[in-house]
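Readers should treat all values here as calculations from the given coordinates under stated rules, not as data from a laboratory. What you see is a predicted model; the values in this text were computed from it and never measured. FYI the Cβ positions are ideal-geometry reconstructions off the backbone, even for glycines, and counts take in every protein chain you see.
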Amino acid sequence: MSFRTADRLIMTAVMAGTSLFPVMAQSLSTEQQEPANPVEMIEETSGGNVEIDIPGNILEEILKEEKKKGAGERQLVPGINKMPGYRIQVFSDGRNQHSLESRAKARGSAIVARFPKYRGQVYTFSSAPNWYARVGNFRSQEEAASALAELKRAFPQFASEMRVVRSRIVVVK
């Protein structure tokens with residue numbers, strides 16, 4: 001007797017208001033007993049191949065969630081990865097053209113001297129007529145905002161010029 005047959009028999013007895021439990025226990029003991037553990041039963045009857053039937057609407061919701069997770073987080077490959085992210089702009093000026101480049105580089109050097117973790121992450125460039133110095137490679141705006149607060153505390157004289165900007169960043173894995 002299978003579990004399903006036994007369940008039907010018990011359900012019929014309960015619905016009829018009679019008690020067949022002692023008879024049921026007796027009939028199971030005379031036949032070959034099936035495992036009491038549902039997992040063991042599935043292992044014995046399925047041969048290790050289990051199919052799960054998921055209704056279409058639930059499957060669509062699961063797949064939507066997977067797409068959302070995958071879209072927000074880019075997978076890194078070994079080596080250099082260039083991706084959208086954030087940097088902290090620590091210098092931006094277009095006045096006094098003859099000294100802009102050296103001032104931008106000096107600002108980046110001052111930050112690296114105080115925060116060695118930014119060594120190799122200072123980017124100085126020009127876009128006429130301005131020169132810029134940007135620091136860091138941050139994947140999230142929250143991470144960049146935290147670093148910005150740290151830099152503003154360390155360099156209050158430059159705090160008004162510092163801000164988080166979107167930029168292509170370099171992440172090495």
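For the peptides 84-90, 151-157, 58-64, the ranking by mean Cβ contacts within 10 Å, running from highest to lowest, is 84-90, 151-157, 58-64. A cut-off of 5 Å between modelled amide H atoms, ignoring neighbours fewer than 5 places along the same chain, links Arg163 with Gln89. Rounded to the nearest 20, the size of the Cβ-charge dipole of segment 80-172 about its Cα centre is 120 debye, with Lys and Arg at +1 and Asp and Glu at -1. Expected output is a single nm value to one decimal: the length gained when fully extending between Ser46 and Ser126, i.e. 0.36 nm times separation in residues minus the C-alpha distance. What is it? Length gained between Ser46 and Ser126: 22.0 nm. Amide H contacts for Asn81 (H built 1.01 Å from N in the peptide plane; partners 5 or more residues away or on another chain; cut-off under 5 Å): Val171, Val172, Lys173. Length gained on full extension, Lys105 to Arg153: 15.2 nm, using 0.36 nm per residue less the C-alpha separation.
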